[in-house]
Amino acid sequence: MTNVNFSGAQFGVDAQPYVLPPYQYRNNEMFTLKVETDRDCLEAIVPEPLKVNADNIMAIYVGMLHVTEPSQISYGEAGIMVPVTLDDRVGTFMPILYLDEVELLTAGREVWGFPKVRGDIFIQRDEHGVVARVSEGGTDIITMKMNFEREGEPIPVYDREHFLLKSIPSVDGCGYDIRQINTCKVRDDKRKEILEGQASLALSSTTRNPLGEIPIRKVVSSVYTVGDILLDRGEVIYDYLAESS
């Protein structure tokens, strides 16, 4: 009989298909717009028992991220973040993310429940400003532009957390095997560069991405940053299946 060692492989009984967190990021570029929308829109994309913010604010971001440990990989990412609360906990709920890299797309979905889907990401910065786009199937669904006007105020290093809906359907089509609200800890968020200015935003829809249906009342603020974070593990803070049993 042949002895086969699958240690460290991406298949086998005890396979680890990707490197597990925590992940150290360095020199991430992030272009973020804070916008005001309608409460009905936020409540349609944020699951209970999370409570949406009273100001009807969401953030839309596009970035180029760089993992440096435990492996090295760079990728484009974009998404939506909604400030929410759960009892006395404060964080951001993420209803959708777009990535152009497969391994971290898979890891993010399976470990935390990040709602990651495939998208083509473009971000370019020069001395005058920054332009960013997200496209799906050749259609631009997010377009953001900003002219730099001033440096932002320094921000102390801080920790924060995302709230994520992790759902895994049952193989028999009857409900879910997993359906829970998880957290993802973002530690040691350090902004090395902060640039602000006036920005524009355009959202468009495709069949799978109805972003153009989101009502944008106004752009509240816009910022481009370069910084470091540690993306750490989280915890289950609400289990729908346990609550319903």
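One table, with the values for the structure above:
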read-out	value
Test for K192: is it in contact with a Lys or Arg (Cβ under 7 Å, 6 or more places away or on another chain) and within 26 Å of G108 (Cβ to Cβ)	no
Check on E77, within 24 Å of L20 (Cβ to Cβ), charged (D, E, K, R), surrounded by fewer than 19 Cβ atoms within 10 Å (Cβ to Cβ) and in contact (Cβ under 8 Å) with a residue 24 or more places away in the chain	no
Residues of the range 191-218 that turn out to be of a type in the set (K, R), loosely packed, with under 15 Cβ neighbours inside 10 Å and under 20 Å from the mean Cα position of the chain (by Cα), as a count	1
Single match in D55, D40, D14 (criterion: modelled with pLDDT under 95 and of a type in the set (D, E))	D14
Test: residue in the range 46-53 that is under 16 Å from the mean Cα position of the chain (by Cα), within 21 Å of T225 (Cβ to Cβ) and not basic (K, R)	no
Of all residues in the range 219-245 being crowded, with 17+ Cβ neighbours inside 10 Å and of a type in the set (S, T, Y), the one that is farthest from S74 (Cα to Cα)	Y240
Some residue of the range 122-140 being within 27 Å of I168 (Cα to Cα), modelled with pLDDT of 95 or more and touching a strand residue (DSSP E or B) at 6+ places or on another chain (Cβ under 9 Å)	yes
Subset of the range 86-128 [surrounded by 14 or more Cβ atoms within 10 Å (Cβ to Cβ), β-branched (V, I, T) and farther than 12 Å from H162 by Cα]	I96, T106, V111, V117, I121, I123
Residue match in the range 82-90 (condition: at pLDDT 95 or above, farther than 23 Å from G108 by Cβ and of a type in the set (A, V, I, L, M))	no
Failed item in (1) within 20 Å of V219 (Cα to Cα); (2) touching a helix residue (DSSP H, G or I) at 6+ places or on another chain (Cβ under 8 Å); (3) not basic (K, R); (4) not in a strand (DSSP E or B), with P95 passing the rest	(4)
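For every residue, the table says whether it meets (1) part of a loop (DSSP other than H, G, I, E, B); (2) hydroxyl-bearing (S, T, Y).
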position: Y61; (1), (2): no, yes
position: T68; (1), (2): no, yes
position: S71; (1), (2): yes, yes
position: G79; (1), (2): no, no
position: V84; (1), (2): no, no
position: G91; (1), (2): no, no
position: E103; (1), (2): no, no
position: A107; (1), (2): no, no
position: F122; (1), (2): no, no
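The values are calculated or read from the model by the stated rules, or taken from the named source; none is laboratory data. Just so it is clear, the model here is predicted, and its values are computed rather than measured. As a convention, Cβ positions derive from the backbone with ideal geometry for all residues, glycine included, and neighbour counts pool all protein chains shown.
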